[in-house]
Amino acid sequence: SAKGSPCQRGFSVAQKPFGATYVWSSIINTLQTQVEVKRRRHHLKRHNDCFVGSEAVDVIFSHLMQNKYFGDVDIPRAKVVRVCQALMDYKVFEAVPTKVFGKDKKPTFEDSSCSLYRFTTIPNQDSQLGKENKLCSPSRYADALFKSSDMRSASLEDLWENLSLKPANSPHVNISATLSPHVINEVWQEETIGRLLQLIDLPLLDSLLKRQEMIPKVTQPKRQPDLVNNRNYLDRGILKAYSDSQEDEWLSSAIDCLEYLPDQMVVDISRNFPEQPDRIDLVKELLFDAISKYYSSREPLLNHLSDVHNGIAELLVNGKTEIALEATQLFLKLLDSQNREEFRRLLYFMAVAAHPSEFKLQQESDNRMVVKRIFSKAIVHNKNLSKGKTDLLVLFLMDHQKDVFKIPGTLHKIVSVKLMDIQKGRDPNRDTGYIYCQRIDRSDYSDRTRKTTKDELLNLLKNIDEDSKLSTKEKKKLLGQFYKCHPDVFIEYFGD
C-alpha cells in the first residue's frame, strides 16, 4: 500500500536498523541495475554477461554523490575503487579469467576499461513485480546475500571507518521517482559539454552543440567476402591462442587491435607467421607492421572538434596538466562507443609498445618516438595544430592512457546534483555547478569598479617607485604626473 511502502515516500538511513548495511545494499542494487552487462570480446574471445571495471566505479561514484549517504563530503575516486575491491572480496562479483592468476594471488580490482567482471549472484528477476521490489527495497537482495557470506553490519561499519566515511544521520533517499535512460543521457551530455566549455574557451560552439555533427559516423573498412569463411575464423583463433600461450602484454594488446583490421590483413599475418613460433621478436615485428600499415591510412579517430584539440594542447603548453586531463576525459566522453573502444585499444597498444624495455621497434630510434611518429595521424590530424602541439598531445594521451577514459569526479557531482533536482521536481538549472556570468546591481558594480581601479593604481605607483632601472630624473617626472592625476592615491601610498 502507499501508506506502508517506502517506494511512495522519501526515507532516512537513520530509520533503518543498520545504516551501513542499507547503504551497502543500495550500492549493490544500483550496480546490478545500472552497470552495462553484455557480451564482450577480450583477446578475440567472447565473454558473456560482463561489465567493465571503470564503468562499475563510475556507477557507484554517481550513486554515492547523488544520494549523499555521507553528507556533502567529497569522495575521491580511489575510495570508490576500494569499495569495489570490497564487493569483489565479498563475492558480489568476480573477475573474468582473461588472465591466469596464481593460486595464492588475491585478485585485485582494476579501475580500468580493460578489466572484465561478472556478478556471482543475481537477484530474482522472474517477474516485473520482482524487479519493482528490487528497486524499491535493495535491502531485500542484501538479506539473501548477507546470509550466504561473511558480510555483516559490523564489518561494513569498519569498512566505512577505514575509508574515513561515515553514513550521515539523515540523508533522505527518494527512490520513487525513476528517470528514463533518455533523460539521464541528456543530462550527462549537457553537463559534459558545459563542463568542457568551462575549461576550454571555444570560439565556435555550433559543432559542439549539435550532436549529429559532434560525433561523426566513421565508415568502418568493408569486410572481405571471406568473413564467414572458416579460414578467417581459424586465422584469428590461431593468433589468439598463440597470444594466450605467451602471456605477453605486448602481444595481447596487439591482438586486441586486430579486431578492427580487415580480414585480408589478418589472413596475411597468419600466412606470414614465422615457422619458428618461439621467435617472438619476428611475431611482434609482423604484428606491428600490419597495425601501423592499417592506421597510417585510416581516418583519424579524434578528427573532430579541432578547437578542443587546440585548447587541450594550450593547457599542456602552459603546464596545466590536471586541467588538460579533465578536459581530455570530457572530450572522450563525447565520443560514440565504437570509436571510443577502438581508440582505447589502440592507445593501450601504443603505451605498451612505447615502453623502452619492450621489443625494439627501430634500432636507431627510441620506441616512444617511433610510436608517436607512426600513429599520430591515426589519432588527430588537425591543420590548425602545429606539429609540436600535436606531438605533445599524442604523448600526453599515451602517458595517461590509464586515466583518460575515466569520468571526472567534478562531472559526477554536477550530474548527480542535477538528477536529484529533477527527481525532486526542483529547477535543475538553479545550480549548474558552473557560472559564466552573474547579474549584479549598479551600486555593487560602482563599488567594484572603484576598488579595482584603486588597486591597479596603487600597483602601478608601487612599480614606478621600486623600478631600479629608472633614473632619478625619470622617476621624479613620472611620480609628478601621477600626483597631478591621482593625488589621493599618491598620498595614501607615500603619506603626507
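Structure notes:
- Pairs, first farther than 17 Å from Phe494 by Cα in the stretch 464-477, second of a type outside the set (Asp, Glu), C-beta under 8 Å, six or more apart: Leu470/Ile464; Leu470/Leu478
- Remark: pairs (first residue in the stretch 100-126, at negative phi and open to solvent by 60 Å² or more (accessible area, probe 1.4 Å); second residue among the basic types (Lys, Arg) and at pLDDT below 60; Cβ separation under 7 Å; 6+ apart in sequence or on different chains) = Gln125/Lys131.
- Leading residue by the ranking (nearest to Ser112 (Cα to Cα)) among those in the stretch 381-390 that are within 24 Å of the chain's Cα centre (by Cα) and assigned to a helix (DSSP H, G or I): Thr390
- Subset of the stretch 256-291 (residues that are part of a helix (DSSP H, G or I) and under 16 Å from Glu358 (Cα atoms)): Ile280, Asp281, Leu282, Val283, Lys284, Glu285, Leu286, Leu287, Phe288, Asp289
- When Ser297, Ser270, Ser357 are screened for being more than 24 Å from His400 (Cβ to Cβ) and modelled with pLDDT of 85 or more, only Ser297 passes.
Residue by residue, here is whether (1) open to solvent by 80 Å² or more (accessible area, probe 1.4 Å); (2) modelled with pLDDT of 90 or more holds:
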| position | (1), (2) |
| --- | --- |
| Asp455 | no, yes |
| Glu466 | yes, no |
| Lys477 | yes, yes |
| Tyr483 | yes, yes |
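- Among the residues of the stretch 356-380, the ones that are assigned to a loop (DSSP other than H, G, I, E, B) and more than 18 Å from Leu316 (Cβ to Cβ) come to 11 in all.
- Residue within the stretch 292-300 that is under 18 Å from the mean Cα position of the chain (by Cα) and not basic (Lys, Arg) present: no
- Here Asn367 fulfils each of the conditions (1) over 30 Å from Glu55 (Cα atoms); (2) surrounded by fewer than 16 Cβ atoms within 10 Å (Cβ to Cβ) apart from (2).
- Selection count where residues are in a helix (DSSP H, G or I) and either β-branched (Val, Ile, Thr) or open to solvent by 20 Å² or more (accessible area, probe 1.4 Å) (or both), scope the stretch 391-419: 11
- Filtered residues of the stretch 347-373 (kept if under 26 Å from the mean Cα position of the chain (by Cα) and of a type in the set (Val, Ile, Thr)): Val352, Val371
- Any chance Glu326 is open to solvent by 60 Å² or more (accessible area, probe 1.4 Å) and in a helix (DSSP H, G or I): no
The values are calculated or read from the model by the stated rules, or taken from the named source; none is laboratory data. Since this is a predicted model, take the numbers as computed values, not measurements. Positions of Cβ are generated from backbone atoms using ideal geometry, with glycine treated the same way; all protein chains shown enter the neighbour counts. Ligands, DNA and RNA are stripped out before the accessible areas are found, and what is left, the full protein with its side chains, is counted by its heavy atoms. Shrake-Rupley method; radii C 1.70, N 1.55, O 1.52, S 1.80 Å.
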